[in-house]
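The next block holds one structure in the form of structure tokens; read it before the comments.
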Amino acid sequence: MADLKTGRLDSKREPSDARSIRFASRAILPVIESLEKLGVSREDLQVALGPGAAELLEDPNARFAYPAVQAFWDSALAQSGDPEIGLHAALLISPGDYGVIGYLGQASRSVKDAAGTLLRFRRLLADSISFDFEDTTAGVLLVHRVAEGIRIPRAAADFVLATIAVQGRRALGVDLPLLEIYFSHSQPTRLDDYKKIFGVPVHFGAAHNAILFAHVNIPLPHPDEQLCAVLERHAEILLEQLPESRDLVDGVRHAIAVALPEKRADVERIARDVELSGRTLRRRLKDEGLSFRELVAQVRCELALRYLDEGRQSVSEIAFLLGFSEPSAFHRAFRRWTGHIPAEHRRAHPRA
């Protein structure tokens, strides 16, 4: 059972590197078009997304790293001066704006099936985010997670939950059986628009952004089984065309960890381990906003912290396990990563 009001929620630990979270152009473009209608400059939003954004937005599968999406929402807020910009943008979204996922939702038999479509095909919109249903004694909780420790702009959280509520209401022609809404951001000064859009108690400072439904077995007015079958096949083809980015990055990280003690964590060796050429590996990592050198440093830092906290190896032994030629090189790298030398970290984190 989730305890969102007190900021506790049983969940799996998710990756905390914001650059590994990627949003597709097809998820961002409808937001831009809604924000434009509210007077926000498209050009300024594209600047916030980074160099080449205008061209990337023409490719529905192109990905934007999450820091760029954070900057995008920050820009929308700064331009509009509207703290509720996320709520107001959600009111301008229509199901067709999200292509096959939106049309699948409309043709589904029930709200539960429509939500299942979102869960199944969410990678068409973004990597490393999730929408999970949790049965509770109070009802059915739909939890939106990004990643542990990642800042979710208030406007982005408002937009996501408001879009679900608004689209559900439009699809049914009546209000969804909402019970409560939870936001991880702090309570704003004005609550009028939250009350108007959701019509149920809204809580702030929660562990995650979530919607509590009384139930989700609500029939939709225009189910079309044949259309759903055609659209699902199309969505599956679109999914097959996407690179398995998380699997690749996780595989590369594992290969690096194995190769470090042998001092063989070079790009060509690791590329062979994941059955790619060195050139292709570099390109695939670049598509994810990463470099091979950055991944090696990340893996080394994470292993170093683990070994130091476990207290089973000496600093010299840890340096060897991480593939450093000598302890002094490890000392310099660890200071660069953390601002401290290994001995200082170990003293500050004594083994229990």
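Return yes when Ala333 is at pLDDT 90 or above, part of a helix (DSSP H, G or I), assigned by TED's automatic domain parsing to the domain that holds Val252 and surrounded by 16 or more Cβ atoms within 10 Å (Cβ to Cβ) and no when it is not.
yes
Taking the options Asp74, Asp158, name whichever one is of a type in the set (D, E, K, R), out of contact with any Ser or Thr (no Cβ under 7 Å at 6 or more places or on another chain), surrounded by 21 or more Cβ atoms within 10 Å (Cβ to Cβ) and not in a loop (DSSP other than H, G, I, E, B).
Matching residue, one of Asp74, Asp158: Asp158.
Out of the residues in region 134-155 that are touching a helix residue (DSSP H, G or I) at 6+ places or on another chain (Cβ under 7 Å) and in a strand (DSSP E or B), state the one that is modelled with the highest pLDDT.
Here the answer is Leu142.
Would you point out the residue of region 161-179, among those that are in a loop (DSSP other than H, G, I, E, B) and surrounded by fewer than 19 Cβ atoms within 10 Å (Cβ to Cβ), that is modelled with the highest pLDDT?
Selected residue: Pro177.
Which residue is modelled with the lowest pLDDT, if the candidates are limited to region 15-50 and must be in a helix (DSSP H, G or I) and of a type in the set (Ser, Thr, Tyr)?
Ranking the candidates gives Ser20 first.
Has region 14-36 got at least one residue that is without any contact (Cβ under 8 Å) to a residue 24 or more places away in the chain, surrounded by fewer than 20 Cβ atoms within 10 Å (Cβ to Cβ) and farther than 18 Å from Ile150 by Cα?
Yes; the residues of region 14-36 include at least one that is without any contact (Cβ under 8 Å) to a residue 24 or more places away in the chain, surrounded by fewer than 20 Cβ atoms within 10 Å (Cβ to Cβ) and farther than 18 Å from Ile150 by Cα.
Name, by its number, the condition in (1) modelled with pLDDT of 85 or more; (2) surrounded by fewer than 21 Cβ atoms within 10 Å (Cβ to Cβ); (3) not small (Gly, Ala, Ser); (4) not in a loop (DSSP other than H, G, I, E, B) that does not hold for Leu119.
For Leu119, the failing item is (1).
Can you find even one residue in region 244-251 that is assigned to a loop (DSSP other than H, G, I, E, B) and in contact (Cβ under 8 Å) with a residue 12 or more places away in the chain?
no
Test Ser291 against the stated conditions and say whether it is under 23 Å from the mean Cα position of the chain (by Cα) and hydroxyl-bearing (Ser, Thr, Tyr).
The answer is yes for Ser291.
Name every residue in region 269-317 that is at pLDDT 85 or above, acidic (Asp, Glu) and surrounded by fewer than 13 Cβ atoms within 10 Å (Cβ to Cβ), in order of residue number.
Within region 269-317, just Glu317 meets the criteria.
Among the residues of region 66-98, write down those that are over 14 Å from Leu29 (Cα atoms) and among the polar types (S, T, N, Q).
The answer is Gln70, Ser75, Gln79, Ser80.
The values are calculated or read from the model by the stated rules, or taken from the named source; none is laboratory data. Remember, predicted model here, so these are calculated numbers, not experimental data. Methodologically, a virtual Cβ is constructed for each residue, glycine included, from the backbone with ideal geometry; neighbour enumeration extends over all protein chains shown.
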